[in-house]
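Engineer: After the structure tokens below, expect a handful of questions from me.
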């Protein structure tokens, strides 16, 4: 089993323009999806992220407070998943409710140093 | 982890929106209505992030309420830093989302002397029935810009009219007139839900909007026990009872072809329970009578249509609605009084916008036998304008168009 980080890039404009009913449907889709992944054993963890964060850059540790609204997209949450290979994760991620409203998902395989030992 | 680690609590964001809005407006006053709208939107967006099964709040509505309330308080604090203006908040902690204050809030909005009924309906659709401006547009065929402006103006008027006043002090004395306005508003909301043009829901009915309108009319009746409200309840029950039969296999079924066994018998019984001859005749009673006649008719013969016509003649004395007159025209035509129907149609023409969809359809139907060319022309103009697939398909499949 390999581990993967699934990052959810949300379209801020589309998200803030959802109606209560659409938000309810989206929320329920996420819960249903997370539950399904938990049942199939693919889910390690996953949470939504606050839009307010802090950026620290450089040797002088320059601090910049979020949200960083200059970008159209924002990482709104993540899932830590496990599967045999990236193809399996791609199939899983296709169904992520993030895509319903203009969002993009990004799959990043987690480095496993043992792979390079052989 | 198993699926049993949590359970999804039944929730209805649309109703929650109205409850939250009402609770917060009661607590913080109309001065902060913009902050309240933003706070509810933010709390809903935050709730989307709780997909982790371990983190789902048990009582979502209360969670939403607390998050939104804190958000409003923070916004007010920020605003006050800038203006150092005194803030007015109620301290009573009993005002949680548990107390449903939607009816009080609608009564309060209805009591405004400076806002038109249409603007009240739009404002209430957004803030009590939780419809997005886009959805109001889709359901009413009104332009989104116009809706946005109407809501903005309504907010300003409410703030000017009721600045620094507590809502329950305004509502100490509810007059008959205000109850009538609330009935009108709920009747409009119901009709918008019952005749939805929303392409996304692939239906012609926005059922949850109808059900929410019903539940608030029920609150209104329990509170003030008016005959007119009782008959409005009957009318809603008769309509909702037929929703499940209106669409079958994704196709629209006309009233006369509906499978009556699909009608909800309990709701029809409930409708008859509420149907009640009022001391003073009102339009809701007559409308409820008309629909009850349709529901119970064993055949739709001339006699049936003449009975209905008599009721319409009465109804027209109580309402100016051109739609009611259009229905009347159709009945006249069915009773083989086509010339009278055409004459009345000419009179209604100026009361409706040009090329009004329902007007064109009724006229096309009446002209179908005597003037098929004109009839076809009217139908094609409707089809060209209609984006709603399910309605278009109905027109095609029922031979309204000779392709």
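Bear in mind these aren't lab numbers, they're just calculated from the coordinates by the rules spelled out. The structure presented is a predicted model; accordingly, all values stated were derived computationally and were not measured. We place every Cβ from the backbone using ideal geometry, glycine too, and count neighbours over all the protein chains shown.
Engineer: On a full-extension model of 0.36 nm per residue, what is the gain between residue B:249 and residue B:54, subtracting their alpha-carbon distance, rounded to one decimal in nm?
Structural biologist: 66.3 nm
Engineer: Same structure again: Most fluctuating residue of B:103, B:232, B:270 in a GNM of chain B with Cα springs under 10 Å: which is it?
Structural biologist: B:270
Engineer: Just grab the label-to-label distance for residue B:81 and residue B:149, each label 7 Å out from Cα along the Cβ direction, in nm (one decimal).
Structural biologist: Taking the simple label geometry, residue B:81 and residue B:149 are separated by 3.6 nm.
Engineer: Compute the length gained on full extension between residue B:113 and residue B:355: take 0.36 nm times their separation in residues and subtract their Cα-Cα distance, giving the result in nm to one decimal.
Structural biologist: Gain on stretching residue B:113 to residue B:355: 83.8 nm.
Engineer: Turning to a different aspect of this structure: Within segment A:89-110, whose backbone N sits under 17 Å from a point 7 Å along Cα→Cβ of residue A:13?
Structural biologist: Zone members listed by number: A:101-104.
Engineer: Turning to a different aspect of this structure: On average, how many beta carbons from a partner chain sit within 10 Å of the beta carbon of a residue in A:38-51?
Structural biologist: For peptide A:38-51, the averaged partner shielding equals 3.
Engineer: For residue B:100 and residue B:219 in the same chain, what is the full-extension length gain: residue separation times 0.36 nm, less their Cα-Cα distance, in nm?
Structural biologist: 41.9 nm
Engineer: Taking chain B as a Gaussian network, Cα atoms linked when under 10 Å apart, which of B:248, B:111, B:298 shows the biggest mean-square fluctuation?
Structural biologist: Looking only at B:248, B:111, B:298, the largest GNM fluctuation is found for B:298.
Engineer: Just to be sure I understand the model, the point goes 7 Å from the Cα along the line to the Cβ. What's the resulting residue B:392 to residue B:166 distance in nm?
Structural biologist: Inter-label distance under the simple model: 5.6 nm.
Engineer: Label-point separation (nm) for residue B:175 and residue B:269, each offset 7 Å from Cα along Cα-to-Cβ?
Structural biologist: 4.2
Engineer: From the mean inverse distance of alpha carbon pairs (Kirkwood) and the Cα radius of gyration, derive Rg over Rh for the protein assembly as shown.
Structural biologist: Computed over Cα atoms, the ratio is 1.03.
Engineer: Enter the mean number of other protein chain beta carbons within 10 Å of the beta carbon of each residue in A:11-21, as an integer.
Structural biologist: Per residue, the average neighbour count from other chains is 5.
Engineer: Under 37 °C and 0.692 mPa s, how fast does segment A:2-112 diffuse according to Stokes-Einstein, given a Kirkwood radius computed over C-alpha pairs? Answer in µm²/s, whole number.
Structural biologist: 216
Engineer: For a quick check, take a GNM of chain A with Cα springs below 10 Å and name the residue from A:57, A:104, A:35 with the largest mean-square fluctuation.
Structural biologist: A:57
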